[in-house]
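Novice: First the structure, which I've put down as structure tokens, then a few questions once you've had a look.
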Amino acid sequence: MSNKFLTTSKNYFVLFLCVCIYSCSKKDSKPPVTDPCSGKTITITHTEVAPTNCSNGGSITVTASGSTGFTYKLDAGGTYQASSVFNSLNAGTYTVFAKDGGGCEKSTSVTLTAVGTAGPLFTAVKGLISAKCQSCHNNTVQNGGMNWEVECNIVAHKSNIKNRAVDLGTMPPTGPLSQAEKDIITDWIDAGGNYTD
């Protein structure tokens, strides 16, 4: 009797397995996915304006062809916009994207290289900071999170430098700067406080 039960159970299992395979395979078929770029050859070109060292004066202008209704974004985390111009950019490598009205997206890499040489006023400030401040603010020791070995950090934090070293006289910790040294910082900031000044 147990033998007859096993035979019957096996037959039901085989029948169930066949039905399941057939029905599952029918349900797994999906409509074909259409590629929004199919049949299109979208081309992206760009022009750049290079920033000066330690400034965000660069720009990228993008042009796309091969379709219509383009929107543009800068880098993967950016938001699409109607304008194809991106301003206020620092030196660096960016990815520009163009997407047409049908959703076809293409991208290309653009590198902005800074131009300009250090001006005499900046060079004087850098020399002063190297002599008086870099022992506490360098690649290894970054007191207050500042590293004055990086020239652009000097430009970016010029207001803090003037406040602490000139106005308050609390830096460097070895003692206040002389009036002549304070004038070096003040003259640079009054001229614009840029890398090229």
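What follows draws every value from the coordinates through simple rules; no lab data is involved. Values in this document were obtained by computation on a predicted structure and should not be read as measured data. For neighbour counting, all protein chains shown are included, and Cβ atoms are generated from backbone atoms with ideal geometry for every residue, glycine included.
Novice: Filter the chymotrypsin sites (Phe, Trp or Tyr not before Pro) in region 106-197 down to the DSSP loop ones having no more than 10 other Cβ atoms within 10 Å, then list what survives.
Specialist: none
Novice: Now, a different point. What dipole magnitude, in Debye to the nearest 20, does region 120-190 give about its Cα centre under +1 on Lys/Arg Cβ and -1 on Asp/Glu Cβ?
Specialist: Details: 6 positive and 7 negative charges, 30 e Å.
Around 140 debye, computed over region 120-190.
Novice: Starting from the Cα of Thr140, step 7 Å along the direction of its Cβ; do the same at Arg164; then give the gap between the two resulting points in nm.
Specialist: In this crude label model, Thr140 to Arg164 measures out at 2.0 nm.
Novice: I'd like the Karplus ³J(HN,Hα) series for region 33-43: coefficients 6.51, -1.76, 1.60, θ = phi - 60°, whole numbers in Hz, and an x wherever there's a Gly or Pro.
Specialist: Those phi angles translate into 7, 9, 7, x, 9, 4, x, 10, 10, 8, 10 Hz.
Novice: Okay, next question. What is region 43-112 by shape, rounded, prolate or oblate, if you read a ≥ b ≥ c off the alpha carbon gyration tensor as root eigenvalues and call it rounded for a/c under 1.5, prolate for a/b larger than b/c, and oblate otherwise? Could you put the intermediate results ahead of the total?
Specialist: On the way: a/c = 2.38, a/b = 2.16, b/c = 1.10.
Prolate.
Novice: So for Thr186, Thr93, fewest C-beta neighbours within 10 Å to most, what's the order?
Specialist: Numbers: Thr186 16, Thr93 10.
Fewest-to-most ranking of Thr186, Thr93: Thr93, Thr186.
Novice: Further question on the same structure: In whole Hz, what ³J(HN,Hα) sequence does region 108-115 give by Karplus (6.51, -1.76, 1.60; θ = phi - 60°), x for Gly and Pro?
Specialist: The phi angles translate into 8, 9, 10, 10, 9, 10, 5, 10 Hz.
Novice: Rounded to the nearest 0.05, what FRET efficiency do Ala50 and Gln81 give with R0 = 22 Å and r taken as the Cβ-Cβ distance? Could you check?
Specialist: Details: r = 22 Å, r/R0 = 1.02.
Computed FRET efficiency for Ala50 and Gln81 comes out at 0.45.
Novice: For Thr61, project a label point 7 Å along Cα to C-beta. Then give me every residue of region 97-120 with its amide nitrogen under 20 Å of that point.
Specialist: Only 97-99, 108-115 fall inside the zone, counting backbone N under 20 Å.
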